[in-house]
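Structure first, commentary second.
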Amino acid sequence: MAAVMAGVMAGITPASAHVGGDVAQGFVGGFLHPLTGPDHVAAMVAVGLWGAVLGPPALWLLPVAFPLVMALGGVLGIVGVPMPRVEIGIAVSAIVLGLMVAFAVRAPLMVAVAIVAVFAIFHGYAHGAELPPGADAIAFSAGFVIATGLLHLAGIGLGAASGGPQGRPAVRLAGVAITLAGVIFLAAAL
């Protein structure tokens, strides 16, 4: 797990998914968008990891709530509703979600869902605002929602694979790595 997180951190560039234009249109463009930005990858994997830390029902509720609310944020971005400091919100999401994992924060379910939902708005907005001209908004949105779900599943899988007393430190270390990556994202966004 540490090797995976080191690989993610080694590839950190300021908001790589938010440079616009060069990603394919439609479903493929939407699918690739969250996968090409380490800021998205870190936060979305953290959602799955935190769900794994909390266990059921958060295990499935956090990864379901995030894409649902993210889709709303995507609509806001597509229609051009002004939202300042989106990149800062995304960077802070990696910091906060990483801290939740690193410290194994056992927040009440509704608090955990609220935290995830607030950050989902920022991620969705970024995806929607970068809809390529002429692209099918529905297909693009479906792509980024599905990719997000898969990243959540990766986090859940990492959490499950690291289950048990010996694996807990690895999950917490992943949270630390995500937090540190978030700090780098924040510095780049300021």
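The values are calculated or read from the model by the stated rules, or taken from the named source; none is laboratory data. In this text the structure is predicted, and so the values were computed from the model without any measurement. Cβ placement follows ideal geometry from the backbone for every residue including glycine, while neighbour counts extend to all protein chains displayed. Areas reflect the complete protein model, heavy atoms only, side chains present, ligands, DNA and RNA absent. Shrake-Rupley method; radii C 1.70, N 1.55, O 1.52, S 1.80 Å.
With the requirement that a residue be aromatic (Phe, Trp, Tyr) and in contact with an Asp or Glu (Cβ under 8 Å, 6 or more places away or on another chain), what does the range 24-43 give you? Show your work before the answer.
As a first pass, look at the range 24-43 and keep what is aromatic (Phe, Trp, Tyr): 27, 31.
Correct list: Phe27 only.
Tally the residues that are without any contact (Cβ under 8 Å) to a residue 60 or more places away in the chain, closer than 22 Å to Val53 by Cα and either open to solvent by 50 Å² or more (accessible area, probe 1.4 Å) or more than 14 Å from the chain's Cα centre (by Cα) (or both), restricting the search to the range 63-112.
9
Scanning for something under 22 Å from Gly55 (Cβ atoms) and either surrounded by fewer than 20 Cβ atoms within 10 Å (Cβ to Cβ) or basic (Lys, Arg) (or both), does the range 180-188 turn up at least one residue? Can you show your working first?
Taking the range 180-188 first, the residues under 22 Å from Gly55 (Cβ atoms) are none.
For the range 180-188, residues under 22 Å from Gly55 (Cβ atoms) and either surrounded by fewer than 20 Cβ atoms within 10 Å (Cβ to Cβ) or basic (Lys, Arg) (or both): absent.
Please enumerate the residues belonging to the range 108-145 that are of a type in the set (A, V, I, L, M) and either outside any helix (DSSP H, G or I) or modelled with pLDDT under 95 (or both). Steps first, please.
Residues of the range 108-145 that are of a type in the set (A, V, I, L, M), as a first pass: 109-118, 120-121, 126, 129, 131, 135, 137-139, 142, 145.
Residues satisfying the conditions are Ala126, Ala129, Leu131, Ala135, Ala137, Ile138, Ala139, Ala142, Val145.
Using the structure shown, decide if Leu151 is part of a helix (DSSP H, G or I) and out of contact with any helix residue (DSSP H, G or I) (no Cβ under 6 Å at 6 or more places or on another chain). Outline the logic, then answer.
Details: part of a helix (DSSP H, G or I): yes; out of contact with any helix residue (DSSP H, G or I) (no Cβ under 6 Å at 6 or more places or on another chain): no.
Taking the combined requirement at face value, the residue does not satisfy it.
Report, ordered by the first and then the second residue, all pairs with beta carbons closer than 7 Å, sequence separation of six or more or different chains, a first member in the range 33-45 that is in contact (Cβ under 8 Å) with a residue 24 or more places away in the chain, and a second member that is buried (at least 24 other Cβ atoms within 10 Å of the Cβ) and aromatic (Phe, Trp, Tyr).
His33/Phe144; Pro34/Phe144; Asp39/Phe185; Ala43/Phe119
Considering each residue of the range 131-146, count those that are surrounded by 22 or more Cβ atoms within 10 Å (Cβ to Cβ) and over 16 Å from Val79 (Cα atoms), and give that number. Give the derivation first.
Restricting attention to the range 131-146, the residues satisfying the condition of being surrounded by 22 or more Cβ atoms within 10 Å (Cβ to Cβ) are 131, 140-141, 143-144.
From what's left, over 16 Å from Val79 (Cα atoms): 143-144.
Count: 2.
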